[in-house]
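Accompanying notes for the structure given below.
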Amino acid sequence: MISRVLSSAVLGVDAYLVEVEVDIAHGFPQFSTVGLPEGAVKESKERVKAAIKNCGYQFPQKRITVNLAPADRRKEGSAFDLPISIGILSAIGVVEHKDLNGYVVLGELSLDGRIKAIKGVLPTAICVRDRGLGGVILPKENVEEAAVVKEVKVIGVESLQELVEFLSGRREVSPAKINVEQVFKQNREHQIDFQEVKGQEHVKRALEVAAAGGHNVLMMGSPNTGKTMLARRLPCILPDMSFEEALETTKIYSVSGLIPSHSSLIATRPFRSPHHTISDAGLIGGGAIPRPGEVSLAHNGVLFLDELPEFRKNVLEVMRQPLEDGFVTISRALTSITYPSTFMLVAAMNPCPCGQQLNKFH
């Protein structure tokens, strides 16, 4: 008994389709997952087994093999819980194969069958749109994020049992719809405003010129003169983001799991201010499982480096490629990942280590 369910995984900031193949054969009870699964994917068998039983379905006491294709790419995260469980239920006849055609399924399962929110939903919705597939089935908490892509049919479910009843035709679940134009307009409002700054006319004029031309800025002055305050308000006078820029920025925050709970679209230019103790991997991205760094989270916005001389030399040197090329490439043994990083660099520093202005008596 073999079943196939479409799912997806994220590589960089883009999603690609993953075919979840489930084979159930006679033999000693065993559950094995192949296809370069990372730790969270390997552990999914325990969540899947408990969720199926606690939803009232019979878990097959047979040899179960799950293949995640393409098998030469590493799979990480908990989003494969739901497609694996649906694949098992499809293989034993609880869900018909034809009901899965055209749907991309992803979601994390709790032990009682509830479906939890996941990361990287927006890139998946864009991938589904570009491939011309029927729709995407995902956790209800993620529907607004995916519904930003208007051409995609988004089905949000709260539990495994609800999804099985939907696929079996015993329950109606309406596709999620949002007013994208209204959401985009609402999320373009800034919490702070450049016009709140009183005085500092020469600095404000310099920042206006820099904002108009997209120039980088270095501010030097004594402590408590307003350098950080001015930098935080710089995104307010930058040109408004286009919808395509907003989608591109939201994709980065989606794969990082940083989209605010009250918002489904990043429509204001981001402002990132990392601490000077940050590592080079934290700044440009990387790690054992590569993640976007601060230069990518500031894409289409402002990257503010306060206390510039306190940053380590190697950290500042790795910013050369992002500043010159507008993207950063991270190479690993099995793959190479490229993250966008077109940002405006703003730095601030004191005139000397004591923090005061130099003069002839100093």
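Need a quick list: helices (runs of 4 or more DSSP H) entirely within region 281-342 having at least 1 residues that are touching a Leu at 6+ places or on another chain (Cβ under 7 Å) and among the β-branched types (Val, Ile, Thr).
The qualifying helices (runs of 4 or more DSSP H) are 294-297, 313-317.
Would you check if there is a residue in region 267-274 being under 22 Å from Ala15 (Cα atoms) and either without any contact (Cβ under 8 Å) to a residue 24 or more places away in the chain or crowded, with 21+ Cβ neighbours inside 10 Å (or both)?
Yes; the residues of region 267-274 include at least one that is under 22 Å from Ala15 (Cα atoms) and either without any contact (Cβ under 8 Å) to a residue 24 or more places away in the chain or crowded, with 21+ Cβ neighbours inside 10 Å (or both).
Does region 154-183 hold any residues that are buried (at least 18 other Cβ atoms within 10 Å of the Cβ), under 22 Å from the mean Cα position of the chain (by Cα) and not small (Gly, Ala, Ser), and which are they?
Val154, Ile155, Val157, Val183
Listed residues Glu181, Glu196, Glu162; which is under 30 Å from Leu82 (Cα atoms) and not aliphatic (A, V, I, L, M)?
None of the other options fit; the residue is Glu162.
Hey, can you tell me all the residues within region 104-122 that are surrounded by 24 or more Cβ atoms within 10 Å (Cβ to Cβ), outside any loop (DSSP other than H, G, I, E, B) and in contact (Cβ under 8 Å) with a residue 60 or more places away in the chain?
Matches in region 104-122: Val104, Val105, Leu109, Val121, Leu122.
Computed from the coordinates by the stated procedures, all read-outs in this text should not be read as laboratory data. Just so it is clear, the model here is predicted, and its values are computed rather than measured. So basically every Cβ, Gly included, is an ideal-geometry build from the backbone, and we count neighbours across all protein chains shown.
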